[in-house]
Amino acid sequence: MKAWKISVIGLGYVGLPTAVVFASKGFSVVGVDVDAGKVRAVNSGRCYLREPGLDVLLRDAVSKGFLRATTEATRAVRESDAVVIAVPTPVRDGVADLSYLREALLAIREGLHKGLLVVIESTIPPGTTVGFAKPLLEESGPRVEEDFYLAHVPERIAPGRAIEELLNMPRVVGGVGPRSTEKALELYSRVNAKPLPTDATTAEFVKLIENTYRDLNIAYANLLALMAERLGIDVYEAIRLANTHHRVNIHMPGAGVGGPCLTKDPYMLASVLPDFWGTELVRLARRINEYMPRHTVEIIEKALGDIGVSIKDARIAILGVTYKGGVDDTRESPAKYVVRELLEKGASVIVYDPYTTESFGAERAGSLEEAVREADTIVIITDHPEFKNIDLDKASKLVKHRVIIDGRRVVEPHQAVKHGFKYYGVGYGRAFKL
């Protein structure tokens, strides 16, 4: 069986776990990044991402000589049988920015050689592999399907579960032609037991519709939450009951949608056919989800008003600034808007998050107790596991006012009330009927 040599371009949240997993399976892997700090970290066996199991696998792979890193992309490509591109593809003004992908492809073109497999894992608009990557690589002379192979294999991992999902989540494998698909299947079947063959454009479409589906579902839940507040009912109870129907699976609402995927992939999908009337559904869902951090600030202002405290005089404890529970990733976190808006309104804001040192300009607490001491209100933005076991009795003795604003239903309302707190939450309409 052929011993593949693989280059992975981009050592971020997708590229580093990808490189490590390939190396853990005995492949000779070279990680490539423009960030010399990341390169030095990998070569010294140090993991800079907080990802369960990644640090152990990385150290093992480096110590055994299966993984190293460099800033020299073209040289790495020349020495490889396959190159995996995992660079960012941000959305700017509703359109995908492919500049990082272009730079990676230009470096690959310089090192392109007979039999090379080029795989794009970065999220891209449908048609990009065939219409953008293929002609760019073919400008140097070699022809795809004859001299080299080209495929799109979209990443399907979530922070906190990267290793498990790289190994066990079915991988959609789409080549620009049958020989490219076959070649990519040959590679990915070595690390994943569930490769699913298709064409490149379909693979690109699949990635975007997966995340857009989730965003639409969350937007529906958030819309229901806003309606429940007006109706004076608890949306979490309503959704739980609705989901007992075996054909219904409504997601849960919250203080906003964050992270690198759901905040941009729907826009990327909608931009493919910008004049197609149906894409307004996708954009509307985005607007609903983008509104939720602002709505959380509105709930905070109402709660403070109910206890007679001006926001300019308020001390507000924010629990959690990462975009979701159990991870250290703050990209596009709803907390960013909430914290900065509160600061702009003149509030004193103190942040506690056990997973990150980011505070978005607010004061940072070293413990939950430090954060809530003398606070006028406690605001939960992120559903970290640690927050689900808050000692409400202890917290009630530390705060100035017993008020909890829960953006993720981390605390059960009846438990908060039992300990003397006034409970507010996204979708908890009963608080608005007091």
What percent do you get for the relative contact order of the chain when only Cα pairs under 8 Å and 6+ apart count?
-> 12 percent
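Taking the Cβ-Cβ separation of Lys5 and Leu343 as r and a Förster radius of 41 Å, what is the calculated FRET efficiency to the nearest 0.05?
The calculated FRET efficiency here is 0.25.
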Would you compute, from DSSP H runs of 4+ residues alone, the mean residue ellipticity of the chain at 222 nm, taking -39500 (n - 2.57) per run and dividing by the full residue count, rounded to the nearest 500?
-> -12000 deg cm²/dmol
Amide H contacts of Arg364 (H built 1.01 Å from N, under 5 Å, at least 5 apart or other chain) = Val351
Among Ile250, Ile404, Ile157, rank each residue by its count of other Cβ atoms within 10 Å, from fewest to most, as a rough exposure measure.
-> Ile250, Ile157, Ile404
Going by the alpha-carbon gyration tensor, a ≥ b ≥ c the square roots of its eigenvalues, is the stretch 283-395 rounded (a/c under 1.5) or, if a/c is not under 1.5, prolate (a/b greater than b/c) versus oblate?
-> oblate
Between the stretch 259-300 and the stretch 33-72, what is the C-alpha centre distance in whole Å?
-> 35 Å
About the Cα centre of the stretch 255-433, how large is the charge dipole given +1 on each Lys and Arg Cβ and -1 on each Asp and Glu Cβ? Please answer in debye to the nearest 20.
-> 480 debye
Which shape class, rounded, prolate or oblate, goes with the stretch 16-55 when its Cα gyration tensor gives a ≥ b ≥ c as root eigenvalues, a/c under 1.5 marks rounded, and past that a/b bigger than b/c marks prolate?
-> oblate
Relative contact order, percent, of the stretch 5-199 when contacts are C-alpha pairs under 8 Å separated by at least 6 residues?
-> 19 percent
Quick one: divide the alpha-carbon radius of gyration of the chain by 2.2 N^0.38 Å and tell me what you get.
-> 1.09
Measuring from the longest principal axis of the C-alpha atoms of the chain, the long axis of helix 178-188 (C-alpha) lies at a number of degrees, nearest 10, equal to 60 degrees
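Just list whichever of Lys207/Lys336; Lys264/Lys388; Lys64/Lys324; Lys336/Lys397; Lys38/Lys345 have alpha carbons separated by over 31 Å in the model shown.
Lys64/Lys324; Lys38/Lys345
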Listed by chain and number, the aspartates and glutamates with an alpha carbon less than 17 angstrom from that of Lys312, same-chain partners under 8 positions apart left out, are Glu298, Glu301, Glu341, Glu344, Glu363, Glu374, Asp376
Within the stretch 5-199, percent of DSSP bridges classed antiparallel, to nearest 5 | 15 percent
0 to 90° range, to nearest 10: angle between helix 15-24 axis and the chain longest Cα axis | 60 degrees
Footprinting proxy, Met252, Met268: sorted fewest to most Cβ within 10 Å, the residues are Met252, Met268
Pull out a ≥ b ≥ c, the square roots of the eigenvalues of the alpha-carbon gyration tensor of the stretch 89-136, then state rounded if a/c is under 1.5, prolate if not and a/b is larger than b/c, and oblate in the remaining case.
-> prolate
Under a Cβ-Cβ cut-off of 13 Å, what is the net charge of the residues other than Pro88 that fall near it, where Lys and Arg count +1 and Asp and Glu count -1?
-> -4
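Taken together, the values in this text are just the output of simple stated rules run on the coordinates, not laboratory data. In this text the structure is predicted, and so the values were computed from the model without any measurement. Note: ideal-geometry Cβ built from the backbone for every residue, glycine included; neighbour counts use all protein chains shown.
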